[in-house]
Amino acid sequence: IEDALRICRNFVTSFGTDFQNLFLYGDVGVGKTFLSNCIAKELMDKEYSVLYFSASKFFSSLAKHAFDKQDVDYDQAEEMKDTYRYILDCDLLIIDDLGTEYTNNFIASQFFTCINERLLNSRSTIISTNLSLDTLADLYTERSFSRITSNYIMLKLIGDDIRIKKKLKNREEN
């Protein structure tokens, strides 16, 4: 965890001058979301634009942009366009819990498009997941897997489920 913390601190201190992406993976409860939120807070304090999505909300936003255009009024359509632009253009995009959403060809295609566009425009992204790397490649295509493994710092977090440890500790104290 010390290596992960050092890498995350470097990500924050070099942000804006050194283009980097993080891919946090590991078992449930090892601190992936916590680290992402800490990074987000630090960068927002430095006035960078940060957009955080759970994976299901992220793909829901992309689907709305792709499919719901004719079923909404002008203001809603503009809001969907703005959200889509912001997903591609914000300084840091965080996609939390990748793999918790229902995956299909549309999802895999949209995921590739988003990460590829952000890479081409040097926009940083943090992705967290409980998925193994093999499962990631199976669900989101080799193209996405290749982009991630070659352009992201891969951080595997190992440890016990912090939530369970906290609960057990609270029981012992009571």
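The values are calculated or read from the model by the stated rules, or taken from the named source; none is laboratory data. Predicted, not measured: the structure shown is a model, and the values here were computed from it. Cβ placement follows ideal geometry from the backbone for every residue including glycine, while neighbour counts extend to all protein chains displayed. To get the accessible areas, we keep the full protein, side chains included, count just its heavy atoms, and leave off ligands, DNA and RNA. Shrake-Rupley method; radii C 1.70, N 1.55, O 1.52, S 1.80 Å.
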- Task: Could you figure out which of (1) surrounded by fewer than 18 Cβ atoms within 10 Å (Cβ to Cβ); (2) closer than 25 Å to Phe34 by Cα isn't true of Gln76?
- Result: (2)
- Pairs where the first residue, in the stretch 77-92, is closer than 19 Å to Glu42 by Cα and the second is aromatic (Phe, Trp, Tyr) and open to solvent by 30 Å² or more (accessible area, probe 1.4 Å), C-beta under 7 Å, 6+ apart: Asp91/Tyr48; Leu92/Tyr48
- Message: For the structure I just gave you, tell me whether Leu136 is at pLDDT below 95, open to solvent by less than 60 Å² (accessible area, probe 1.4 Å) and either at positive phi or not β-branched (Val, Ile, Thr) (or both).
- Response: yes
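To keep it simple, each residue is scored yes or no on (1) open to solvent by less than 50 Å² (accessible area, probe 1.4 Å); (2) more than 30 Å from Leu5 (Cβ to Cβ); (3) modelled with pLDDT of 90 or more; (4) touching an Asp or Glu at 6+ places or on another chain (Cβ under 9 Å).
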{"residue": "Leu93", "(1), (2), (3), (4)": "yes, no, yes, no"}
{"residue": "Thr103", "(1), (2), (3), (4)": "yes, yes, no, no"}
{"residue": "Ser124", "(1), (2), (3), (4)": "yes, no, yes, yes"}
{"residue": "Thr129", "(1), (2), (3), (4)": "yes, no, yes, yes"}
- Answer residue from the stretch 13-31, given it is crowded, with 18+ Cβ neighbours inside 10 Å and modelled with pLDDT of 95 or more and is nearest to Asn121 (Cα to Cα) among those: Asn21
- Quick one: what pairs do we get from the stretch 17-37, first residue in contact (Cβ under 8 Å) with a residue 40 or more places away in the chain and under 19 Å from Cys90 (Cα atoms), second assigned to a loop (DSSP other than H, G, I, E, B) and open to solvent by 40 Å² or more (accessible area, probe 1.4 Å), C-beta under 8 Å, 6+ apart or different chains? Phe19/Ser122
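Please find, within the stretch 1-12, the residue that is farthest from Gly159 (Cα to Cα) out of those that are exposed (fewer than 14 other Cβ atoms within 10 Å of the Cβ) and of a type outside the set (S, T, N, Q).
Looking at residues that are exposed (fewer than 14 other Cβ atoms within 10 Å of the Cβ) and of a type outside the set (S, T, N, Q), I get Arg9.
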- Query: For Ser56, which of the numbered conditions (1) open to solvent by 50 Å² or more (accessible area, probe 1.4 Å); (2) in contact (Cβ under 8 Å) with a residue 60 or more places away in the chain; (3) not aromatic (Phe, Trp, Tyr) fails to hold?
  - Reply: (2)
- Would you call Glu142 loosely packed, with under 14 Cβ neighbours inside 10 Å and within 27 Å of Phe15 (Cα to Cα)? no
